[in-house]
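*Asks:* Can you keep this structure in mind? I'll have questions shortly.
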Amino acid sequence: MKFVIAVTILCTIAMGVALVYGFGFGGGWGEVRVLMDYPWFVVSLVDVYVGFIFFAFWIAAREKPVHSIIWILLLMTLGNIIACIYLLYAIKTAKPLPLTQSKSKAQTELI
């Protein structure tokens, strides 16, 4: 789990740097209008938002309605940096699975 947390933290930092770069040096909607002429840009955009939708379903299944609405709105507007932050939050607040609390028969047979 430490590896997942470390990778998620690195991804969060990378997304933060990318967002600062994009907002600081990008041309905003003018660039998006130009990129919409490229089919693979459109495919990438659809791919990202399909992923957002599936991630949003996971958030909605875990959270109270008001909290899930806030998380999902943040996800849809700020992107995967919110997915990274939510993943860290979900790991921190997750309850252990029953198999991790005590050794199962299969786990003891492997030892």
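Any read-out appearing in this document is the output of simple, stated calculations on the displayed coordinates, not a laboratory observation. From a predicted model like this one, the values you see are computed outputs, not experimental measurements. Note that we place each Cβ from the backbone using ideal geometry, even for glycine, and neighbour counts take in every protein chain shown.
*Asks:* For V4, are the conditions met, namely being touching a residue at least 40 places away in the same chain (Cβ under 8 Å) and not in a loop (DSSP other than H, G, I, E, B)?
*Replies:* Numbers: touching a residue at least 40 places away in the same chain (Cβ under 8 Å): yes; not in a loop (DSSP other than H, G, I, E, B): yes.
Against the criterion (touching a residue at least 40 places away in the same chain (Cβ under 8 Å) and not in a loop (DSSP other than H, G, I, E, B)), V4 qualifies.
*Asks:* Looking at (1) within 18 Å of M1 (Cβ to Cβ); (2) surrounded by 12 or more Cβ atoms within 10 Å (Cβ to Cβ), which one does G79 not meet, given that it meets all the others?
*Replies:* So the condition that G79 fails would be (1).
*Asks:* To continue, here is another question. Name the single residue that is farthest from M76 (Cα to Cα) among those in the stretch 29-47 being surrounded by 12 or more Cβ atoms within 10 Å (Cβ to Cβ) and of a type outside the set (S, T, Y). Break it down stepwise before answering.
*Replies:* Restricting attention to the stretch 29-47, the residues satisfying the condition of being surrounded by 12 or more Cβ atoms within 10 Å (Cβ to Cβ) are 32, 35, 41-42, 44-45.
Still in the running and of a type outside the set (S, T, Y): 32, 35, 41-42, 45.
Values: V32: 16, L35: 20, F41: 18, V42: 17, L45: 12 Å.
Among those residues, the one meeting the criterion is L35.
*Asks:* Further, regarding this structure: Looking only at the stretch 54-76, count every residue that is of a type in the set (V, I, T) and surrounded by 16 or more Cβ atoms within 10 Å (Cβ to Cβ) and tell me the total.
*Replies:* Filtering the stretch 54-76 for residues of a type in the set (V, I, T) gives 59, 66, 69-70, 72.
This time we only want the ones that are surrounded by 16 or more Cβ atoms within 10 Å (Cβ to Cβ), so: 59, 72.
Of the residues in that region, 2 qualify.
*Asks:* Failed condition for G26, given (1) surrounded by fewer than 12 Cβ atoms within 10 Å (Cβ to Cβ); (2) free of Cβ contacts under 8 Å to residues at least 24 places away in the same chain, with all others met?
*Replies:* All conditions are met except number (1).
*Asks:* Conditions: (1) free of Cβ contacts under 8 Å to residues at least 40 places away in the same chain; (2) under 16 Å from the mean Cα position of the chain (by Cα). T12 meets all but one. Number of the miss?
*Replies:* All conditions are met except number (1).
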